[in-house]
Amino acid sequence: MHKFILILLFAMTVFSCGTDSDAGEFVVGSDYLAVSNKVVLIDTVSVEMSTINFDSLVTSNQSRILIGNYDDPIYGKVKSNSYFQVTPGTYALINSGSDTETTNYVFDSISMILKYDKYYYGDTTKVQTFDIHRLIQKVKPNTDDNNFYNNSALSYSDESLGTISYKPRPLEKDSINIKMSAAFGAALFQKLKKREVTDFDSFNEYLKGLVLVPSTSNSASVVGFHVATSKVRLYYSKYQAETEETPYFIDLNISDETKQFNSISLDKTGTVIQNLPISTSKLSSSLTNHEGFIQSGTGVACRIDFPNIKQLKYLSDKGAIVDAQLVLRPVNNSYSEQYPLADSLKIYVGDNLNRISASLVNSAGTSVYGILNKKSDEFNENIGYLIPIGNFLQKEMLKQSDSRSSLILTLPGISKTVNRIVLGDQKHMNNKILLKIYYISY
């Protein structure tokens with residue numbers, strides 16, 4: 001008992017935990033002899049927050065066309081172009097056997113059909129405009145890993161092959177249809193009719209790919225479309241004198257999803273994170289209004305450090321962190337119906353250069369997520385993400401080396417969404433980080 005009192009006094013001195021509520025009954029698991037014991041609740045350990053920016057994110061092979069742009073009141077200008085390669089399901093027109101039959105086929109029209117996948121972010125009540133352009137560069141990675149990234153880009157023609165201005169209805173409508181250039185469609189039709197393109201290589205040499213580019217003047221959202229079911233459809237018909245024309249079509253599909261990617265950019269000019277450093281460094285929350293930032297798609301992430309955690313091992317000769325809970329609170333008025341909070345945070349373990357080593361796991365090896373508590377009160381004090389980090393802090397406390405690991409927070413769908421969040425740090429006026437550590441001596 002005297003030893004426990006000394007431990008408690010030491011904790012009070014080092015960590016300023018000085019209330020009767022800081023000590024209580026805590027049921028310890030089998031790793032600690034399955035006994036109930038008094039534990040020290042430490043809730044003022046230093047937690048440092050900063051914002052980092054990943055060098056790049058893989059955005060190819062994500063099964064989503066992401067197109068649009070908007071001006072975020074906190075993050076800046078967000079924009080996503082979508083690049084892809086298309087191939088026809090057939091390289092020949094309908095033919096019943098006559099070699100001369102195809103001479104009666106005529107081009108009708110061509111359009112792009114994009115199928116909503118129900119993802120959207122921003123204000124879909126406002127008109128969104130984008131254009132279709134023809135690539136003048138093959139959809140081929142510049143690197144040896146066969147991936148495309150959020151900062152990848154390919155050259156394309158200035159000429160628009162089709163444009164649409166519409167109000168997105170991703171939850172109400174099935175698709176949108178963009179009428180494309182008749183000259184482009186007719187030329188493509190002639191290539192097929194004359195058998196000048198008969199396989200993938202010859203077709204890809206003629207039409208290297210397409211890109212969707214949003215207008216920067218009047219778009220206010222980013223919208224997702226299915227890769228597998230979106231297509232370019234070329235319509236043609238068989239002309240016969242004094243008879244009704246018979247309609248046909250050829251679909252150009254995105255058959256190789258590794259050749260579709262989204263180029264997602266963020267112009268941070270004029271924002272508190274405009275001076276975000278290179279990917280191996282960090283921007284302290286003390287320089288950003290005591291706030292940390294996360295945004296999918298653009299590579300912005302939040303880093304959490306525990307600089308004094310190793311001091312806990314001096315509380316007793318034999319002691320352990322048996323539980324720890326980190327609560328991260330979204331900043332009031334930073335989220336809304338247009339910019340909703342994600343239901344969870346994805347947590348990684350990283351080093352001092354922001355290199356990720358693994359996902360955060362508990363003692364059983366199961367991945368740990370930050371789960372949102374949506375229960376609100378008058379001041380939104382209960383809204384926050386709860387992350388169990390006892391296993392992580394125990395390992396950090398016992399490290400023999402001087403190295404320290406950090407927690408790197410991202411959002412689910414990091415490579416195919418543009419969701420974002422703003423979190424308060426330990427000195428934030430209204431939305432402070434809360435860390436509770438339960439420490440036991442044995």
Filtering segment 245-255 down to residues that are within 26 Å of residue 211 (Cα to Cα) and in a loop (DSSP other than H, G, I, E, B), which residue is modelled with the highest pLDDT? 254
Among the candidates 78, 127, single out the residue that is buried (at least 17 other Cβ atoms within 10 Å of the Cβ) and within 22 Å of residue 418 (Cβ to Cβ). 78
Can you find even one residue in segment 32-45 that is open to solvent by 10 Å² or more (accessible area, probe 1.4 Å), part of a helix (DSSP H, G or I) and either in contact with a Gly (Cβ under 6 Å, 6 or more places away or on another chain) or at pLDDT below 95 (or both)? yes
Unmet requirement for residue 224, which otherwise passes all of (1) open to solvent by 40 Å² or more (accessible area, probe 1.4 Å); (2) part of a strand (DSSP E or B); (3) closer than 28 Å to residue 121 by Cβ: (1)
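Go through segment 166-205 and give me each residue that's hydroxyl-bearing (Ser, Thr, Tyr) and either surrounded by 13 or more Cβ atoms within 10 Å (Cβ to Cβ) or under 19 Å from residue 66 (Cβ atoms) (or both).
Start the filter on segment 166-205 by keeping residues that are hydroxyl-bearing (Ser, Thr, Tyr), which leaves 166, 175, 181, 198, 202.
166, 175, 181, 202, listed by residue number.
Filter segment 81-103 down to the residues that are surrounded by fewer than 14 Cβ atoms within 10 Å (Cβ to Cβ) and not in a loop (DSSP other than H, G, I, E, B), then identify the one that is modelled with the lowest pLDDT. Spell out how you get there, then give the answer.
Here is the first cut: in segment 81-103, the ones surrounded by fewer than 14 Cβ atoms within 10 Å (Cβ to Cβ) are 89-90, 92, 95-101, 103.
From the residues that got through so far, the ones that are not in a loop (DSSP other than H, G, I, E, B) too are 101, 103.
Numbers: 101: 59, 103: 73.
For segment 81-103, the residue satisfying everything is 101.
Going by the structure shown, is residue 163 out of contact with any Cys (no Cβ under 8 Å at 6 or more places or on another chain), within 21 Å of residue 70 (Cβ to Cβ) and assigned to a strand (DSSP E or B)?
Numbers: out of contact with any Cys (no Cβ under 8 Å at 6 or more places or on another chain): yes; within 21 Å of residue 70 (Cβ to Cβ): yes; assigned to a strand (DSSP E or B): yes.
Answer is yes for this residue.
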Given (1) of a type in the set (Phe, Trp, Tyr); (2) open to solvent by less than 10 Å² (accessible area, probe 1.4 Å); (3) part of a loop (DSSP other than H, G, I, E, B), index of the condition residue 70 fails: (3)
Selection within segment 339-368 - within 21 Å of residue 307 (Cβ to Cβ), polar (S, T, N, Q) and within 18 Å of the chain's Cα centre (by Cα): 354
Residues satisfying the stated conditions in segment 279-326, i.e. hydrophobic (A, V, I, L, M, F, W, C), open to solvent by less than 20 Å² (accessible area, probe 1.4 Å), closer than 30 Å to residue 442 by Cα and not in a loop (DSSP other than H, G, I, E, B): 304, 309, 312, 320, 321, 324, 326
So which residues in segment 48-67 are crowded, with 22+ Cβ neighbours inside 10 Å, more than 13 Å from residue 122 (Cβ to Cβ) and hydrophobic (A, V, I, L, M, F, W, C)? 49, 52, 65
Can you say whether residue 264 is touching a residue at least 12 places away in the same chain (Cβ under 8 Å) and touching a Leu at 6+ places or on another chain (Cβ under 9 Å), as far as the supplied structure shows? yes
Of the residues that make up segment 256-274, is at least one among the aliphatic types (A, V, I, L, M), surrounded by fewer than 20 Cβ atoms within 10 Å (Cβ to Cβ) and either on the phi > 0 side of the Ramachandran plot or at pLDDT below 95 (or both)? no
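Would you check if residue 415 is polar (S, T, N, Q), over 26 Å from residue 266 (Cβ atoms) and in contact with a Ser or Thr (Cβ under 7 Å, 6 or more places away or on another chain)?
For residue 415, the condition - polar (S, T, N, Q), over 26 Å from residue 266 (Cβ atoms) and in contact with a Ser or Thr (Cβ under 7 Å, 6 or more places away or on another chain) - is not met.
The values are calculated or read from the model by the stated rules, or taken from the named source; none is laboratory data. Quick caveat, the model's predicted, so the values are computed rather than measured. Here Cβ is always computed from backbone atoms with ideal geometry, including for glycine, and neighbour counts include all displayed protein chains. The area values use the complete protein model at the heavy-atom level, side chains included, leaving out ligands, DNA and RNA. Shrake-Rupley method; radii C 1.70, N 1.55, O 1.52, S 1.80 Å.
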